[in-house]
Amino acid sequence: MSKQSQSMRLDRYLATVTDYSRSEAKRLIKDGEVTVDGETVSNVGYAINNNSDVCLQGQVLRQAGPRYFMLNKPQGYVCAAKDRRHLTVLDLLDEDNPERLHAAGRLDVDTTGLVLLTDDGQWSHAITSPQRDCWKRYYVEVAEVISEKCIEHFARGVFLKDDKARTLPAELEILAPRRALLRLKEGRYHQVKRMFAAEGNAVTLLHREAIGDVELDESLAEGQYRALSEAEIKSVNHG
Ligand code: URA
C-alpha cells in the first residue's frame, strides 16, 4: 500500500491493486477467494493496513509503490485530470491508471517545460507549498525591455492584481533585454505572467526549467517523459 494510506477497506484495496471493479472485488471477497494474513475474510469492509498480507486465489497482491515522472510539456496541454477543450498531460503518458497521477505544480496551457507527475500527495505538497522553500526556475521572454528595477521589485515582492498579499521574494536574472530567468517559491495562478504585468510588461514565452534540484532532462523532446531517478525523488525534502 502507498505510504500515506495507513488502513484501507479490503474491497477498495482489491479494486485498487487489480483490474477488478469494486463490485467484482466485493463478490470475490464474499465468495471466499481472498485471505488476509492467511485467514479467509468475507467481510468486504475489513480494514487492512500496510503490513497486511492479502492474497487473491492464493496469489499475493502488492500495490506498486508511489510513481514519479518528469514530463516535457508541450503547449496545448492542460495540467488537469480532465478538460472539455484540451488534451491533458495525462494523455501523454503510456502508464497503467494514469488518472491516479497528478501534476506537482501546474503549468498554463501555453507554458512549456518541466511537469512532475506523481501519486504521492505528500511529495507533491512539498513542491507546491510556498512554506517548503522549493524553488522553481522559469525561462521567460517578454514583449518590452526588462527594466533593471524589476530585479529589486521582484526581490521585495509585488502586488498582483486581485491579490492582497505581496508575492514572496523572487530572483530575476536578466539574460538579454527581453529574456530572463525567474526563480520563485510560490505558484499562484498565472504568477509569472501577472508579475510581469504588474511591471507593465507581457510574457510572450514561458518555459519551466527546474523544480528544486530536479532539472528538465534535455534529452526529453516535447511530449516525452521519463521516471525520476531515486536521487531526484529524494531531492524533494518531504519527510
Ligand atoms: N506562471 C505563469 O504565469 N504560468 C505558468 O504556467 C507557470 C507560472
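The values are calculated or read from the model by the stated rules, or taken from the named source; none is laboratory data. Note that the structure is a prediction, hence the values are computed from the model and not measured. Virtual Cβ from ideal backbone geometry, glycine too; neighbours counted across all protein chains shown. The area values use the complete protein model at the heavy-atom level, side chains included, leaving out ligands, DNA and RNA. Shrake-Rupley method; radii C 1.70, N 1.55, O 1.52, S 1.80 Å.
Here the chain is treated with +1 on each Lys and Arg Cβ and -1 on each Asp and Glu Cβ, and its dipole about the Cα centre works out to around 880 debye. With every protein chain in place and a 1.4 angstrom probe, the accessible-area ranking of 196, 159, largest first, reads 159, 196.
Dividing the convex hull volume of the alpha-carbon atoms in the chain by its residue count gives 149 Å³ per residue.
Would you kindly state how much longer the chain becomes between residue 33 and residue 163 on full extension, computed as 0.36 nm times their sequence separation minus their alpha carbon distance, in nm to one decimal? The partial results should precede the final answer.
Values: separation 130, 0.36 × 130 = 46.80 nm, distance 5.61 nm.
Here the answer is 41.2 nm.
Just the protein heavy atoms count here, and of the accessible area of the chain at 1.4 Å, carbon and sulfur take up 46 percent. Length gained on full extension, residue 221 to residue 237: 3.0 nm, using 0.36 nm per residue less the C-alpha separation. Solvent-accessible surface of protein heavy atoms, probed at 1.4 angstrom with all chains present, puts 127, 174, 233 in the order 174, 233, 127, largest first. When only the Cβ of Lys, Arg, Asp and Glu is charged (+1, +1, -1, -1), the dipole of the range 3-60 relative to its Cα centre reaches about 280 debye. Rolling a 1.4 angstrom probe over the protein heavy atoms with all chains in place gives the range 62-137 an accessible area of 50 Å² per residue.
A full extension of the chain between residue 148 and residue 61 corresponds to an added length of 25.4 nm, given 0.36 nm per residue minus the alpha carbon distance. For the range 175-239, the orientation-averaged shadow of the C-alpha convex hull comes to 6.2 nm² (one quarter of the hull surface). In terms of its Cα atoms, the range 97-239 spans 44, 32, 25 Å along the principal axes, sorted from long to short.
Only residues of the range 195-239 count here: report those whose backbone N is under 18 Å from the spot 7 Å along Cα→Cβ of residue 176, or say none. Zone members listed by number: 202-209. Histogrammed with a bin width of 5 Å, the alpha carbon distances of the range 3-60 distribute as 4, 23, 36, 26, 10, 1 percent, first bin at zero.
At most 10 other Cβ atoms within 10 Å plus a DSSP loop assignment makes a site exposed; report the longest stretch of the chain without any exposed GluC sites (Glu not before Pro). The reported range is 1-147. Ordering 16, 107, 72 by the projection of their Cα atoms onto the charge dipole of the chain, which places +1 on the Cβ of Lys and Arg and -1 on the Cβ of Asp and Glu, puts 107 at the extreme positive end. Could you give the longest part of the chain that holds none of the trypsin sites (Lys or Arg not before Pro) found in DSSP loops with at most 11 neighbouring Cβ atoms within 10 Å? Value returned for the longest uninterrupted segment is 86-160. Note on the range 101-239: with charges restricted to the Cβ of Lys and Arg (+1) and Asp and Glu (-1), its dipole about the Cα centre is near 540 debye. Considering only beta bridges that DSSP places wholly inside the chain, some 90 percent are antiparallel. The residues 17, 140, sorted by heavy-atom accessible surface at 1.4 Å with ligands and nucleic acids left out, run 17, 140 from largest to smallest.
Across q = 0.15, 0.18, 0.29 Å⁻¹, the range 149-204 modelled as identical point scatterers on its alpha-carbon atoms has Debye log10 I(q)/I(0) values of -0.36, -0.53, -1.47, in the order of the q list.
For the range 3-60, calculate the relative contact order in percent as a whole number, restricting contacts to Cα pairs under 8 Å that are 6 or more residues apart.
Values: 80 pairs, mean separation 21.7, N = 58.
Normalised by residue count, the contact order of the range 3-60 is 37 percent.
Solvent exposure of the range 3-60, expressed per residue, is 59 Å² of accessible area, with all protein chains present and a 1.4 angstrom probe.
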